[in-house]
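Here's the structure, in structure tokens; my notes come after.
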Amino acid sequence: MKKNIVTLLLIIIILLSACRPRDSAGTEGTVSVLVYITGVVAGSPSYEMLAAGAEEFAAEHSNVTVKVYEAGYNQAEWEEQLMSMVAGGEYDLVLGSNPSLPEICASVSRSFPSQHFIITDAQYIGNPRISTYMFNQYEQALFLGYLAGLVTTGDMPLANASKRIGFIAAQEYPLLTGHIVPGFLDGARRTDPDIELDFRVIGNWSDASRAADLASGMINAGVDVFTSIAGSAAQGLVRTIAQRGAYAVFFNSNEYSRAPGLIIGCGSMEQKKLTKEIIADFLAGNIQFGSSRTIGVQDGYLNFIFNDPGFRDYVSADIQERFTVFMDDLHVGRIEYTVPPL
Ligand code: RBF
């Protein structure tokens, strides 16, 4: 009898603790974060910065633990994997970075309604457990496109007579086709309205050989300046421009040293800084769930990396000068542009 009562009490205690509402800082002021990588960390700067930011924050705060989980390239499995990761209720926060993640989180949220999600590189409004941060990638595409336009119409050694620039994408998705590609072409055409964009799609985020083949075909068609949104597959583009001689500009991170003299422009995205700020805000209970924030050049989350020999030593002086004026104007809001609705 006594044993039964003890067992019953134990069950009640366990049930009560499982049902206890959690505030954003967890139950004992500790926070357990799952960094859910929709792909593979290595070779994708946006994921590398997300994981590094979370791990660095955990190293600086003893009350924060971080687990980085790589879900791999099979997008059909992401929802089921995330569902099983959060099923145990051990994570106070799921952090991710991918435009397609909020929908998946919303679906998981229906089964686990108390789970909190914060997703960067995405826009989603209206779910009380999901908060998103969107980089203004139209803006980054605009200034990288402007530089590509100056180079393809200019007289640097590898620039040819055709006004043709290239874009290699891993796959098509709304943020890419709605903001990044149009922004890149808009920027380029501000230097010369006759510029054409050769846009080609790899089909996945890892096939560097296919990216190399596409790049080679595009060089044959007259492309002399490339960009890409292709994760680790972009290595194939780097290989081809080194073999054949062409330029490239890169989004989000410092890639100059991968092909000095050929990678002549790199944007930067402050994803690591943002990740650390997000976890700090979550700890402090300062995240506005249900809402989305857009951040760009004027907020200091997107920029161009001027201070690198890859730009300083290889881009002609007149192009550096014209591009610097454009970036200065962008910083002070003197460049007008319209971001299309997604
Ligand atoms: N970007 C990467 O760098 N590596 C990836 O593996 C990757 N996978 C993606 C998968 C999907 C379904 C989508 C929609 C985007 C992916 N991105 C990836 C793009 C990334 O989220 C971001 O939009 C670009 O890196 C531009 O900042």
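The values are calculated or read from the model by the stated rules, or taken from the named source; none is laboratory data. Since the model is a prediction, treat every value here as computed from it, not as a measurement. Here the Cβ is made from the backbone with ideal geometry for all residues, glycine too, and neighbour counts use every protein chain on show.
So the values come out like this:
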read-out	value
Qualifying residue in region 292-309 (condition: part of a helix (DSSP H, G or I) and under 26 Å from residue 154 (Cα atoms))	yes
Matching residues, region 223-251, being of a type outside the set (A, V, I, L, M) and within 16 Å of the ligand (Cβ to nearest atom)	226, 227, 228, 231, 232, 235, 236, 250, 251
Hits in region 267-291 (condition: in a helix (DSSP H, G or I) and of a type outside the set (A, V, I, L, M, F, W, C))	271, 272, 273, 275, 276, 277, 281
Wholly within region 120-222, helices (runs of 4 or more DSSP H) carrying at least 2 residues that are away from the ligand (no atom under 12 Å from the Cβ) and within 23 Å of residue 293 (Cβ to Cβ)	137-153
Residue check for residue 334: surrounded by fewer than 22 Cβ atoms within 10 Å (Cβ to Cβ) and in contact with a helix residue (DSSP H, G or I) (Cβ under 9 Å, 6 or more places away or on another chain)	yes
Pairs where the first residue, in region 23-41, is of a type outside the set (S, T, N, Q) and the second is modelled with pLDDT under 60, C-beta under 9 Å, 6+ apart	31/24; 31/25
Hey, residue 264 part of a helix (DSSP H, G or I) and buried (at least 18 other Cβ atoms within 10 Å of the Cβ) or not	no
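For (1) out of contact with any strand residue (DSSP E or B) (no Cβ under 7 Å at 6 or more places or on another chain); (2) among the hydrophobic types (A, V, I, L, M, F, W, C); (3) more than 23 Å from residue 137 (Cα to Cα), each residue gets a yes or a no:
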{"site": "241", "(1), (2), (3)": "no, yes, yes"}
{"site": "246", "(1), (2), (3)": "no, yes, yes"}
{"site": "251", "(1), (2), (3)": "no, yes, no"}
{"site": "278", "(1), (2), (3)": "no, yes, no"}
{"site": "301", "(1), (2), (3)": "no, no, no"}
{"site": "306", "(1), (2), (3)": "yes, yes, no"}
{"site": "320", "(1), (2), (3)": "yes, no, no"}
